[in-house]
1. On the given criteria, is residue 274 under 22 Å from residue 155 (Cα atoms) and modelled with pLDDT of 95 or more?
2. Output the number of residues of region 115-143 satisfying the condition of being outside any helix (DSSP H, G or I), buried (at least 19 other Cβ atoms within 10 Å of the Cβ) and in contact (Cβ under 8 Å) with a residue 60 or more places away in the chain.
3. I'd like to check which strands (runs of 3 or more DSSP E) are fully inside region 1-114 and have at least 3 residues that are under 26 Å from residue 236 (Cβ atoms) and either in the same structural domain as residue 152 (by TED's automatic domain parsing) or in contact (Cβ under 8 Å) with a residue 40 or more places away in the chain (or both).
4. Name the residues in region 172-197 that are touching a helix residue (DSSP H, G or I) at 6+ places or on another chain (Cβ under 9 Å), at pLDDT below 95 and assigned to a helix (DSSP H, G or I), would you?
5. For region 298-350, please list each of the strands (runs of 3 or more DSSP E) lying entirely inside it that holds at least 1 residues being under 14 Å from residue 279 (Cβ atoms).
């Protein structure tokens, strides 16, 4: 029999939709909490958690989450949806790109998507993820993380990211949901081939951690699947710019999942023509200055192609050249760059 769903002080009966706050802790002079909406369907079904805004200026995912809250009628829903539309509230309020804008134990700021499942005995950043994980995500059978290109990056085209963790049942469900979303590209990482941060720091001789796909430990698409929760990350949009058609594309992807899980009416099937992302390389600059990109992100490049140039303040020029052939998937759209910055990412398509 369908029952009530409660998280913190928010209790929602079958057929109801309510919004409240997820208490995290305290800042110096005020309470700190996250927005939380629970849509408890009238009929039985799975629980799906939707999160967005781990990076406070990835607005496409945030807008899509809010649209899901607006559109779903609990009386026509089977199961329940828990939505945390902004995980990094401080980053959203301060328009801070990428990181949680408070010092982490006086050692700089932290990217919230590097510290899953969090730690209740550490700083506010770690507590945020720990509360989110233990009180919201752990209640769910499935997790969708809605993201979008941050203010410093071009991304093309839309893609989903998943990590296979070695649990056959979870991996199969994760892969199927990724195909159901319906985007063109799937980043599919395999956790068994990825070193942990502690292994790398211990000098084991393992290769450095991958950067782009969120496929190492401590990420939202890694830790929930390890806990038995199939998880898909939707990447859509770029430059921190809201485009209505891309928000709608993210909403459509979520609706496809809801239909496939039989949580709402309609039919959605896995898209079997999705292409997979293979090996990737990041091209970094040696000098600082202004990055002038000559080949549009989303284009195919050949090894040796001139992608752009970095012009230093003395007028000298560093050529930026493709180090492999493939799709120019991501690039740095903020023209001010420092030595060692990643300028572009080139990937194989399978």
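1. No.
2. 6
3. 16-26, 31-40, 43-52, 78-84
4. 191, 197
5. Because the criterion is at least 1 residues that are under 14 Å from residue 279 (Cβ atoms), the strands (runs of 3 or more DSSP E) in region 298-350 that meet it are 326-332, 342-349.
The values are calculated or read from the model by the stated rules, or taken from the named source; none is laboratory data. Since the model is a prediction, treat every value here as computed from it, not as a measurement. Methodologically, a virtual Cβ is constructed for each residue, glycine included, from the backbone with ideal geometry; neighbour enumeration extends over all protein chains shown.
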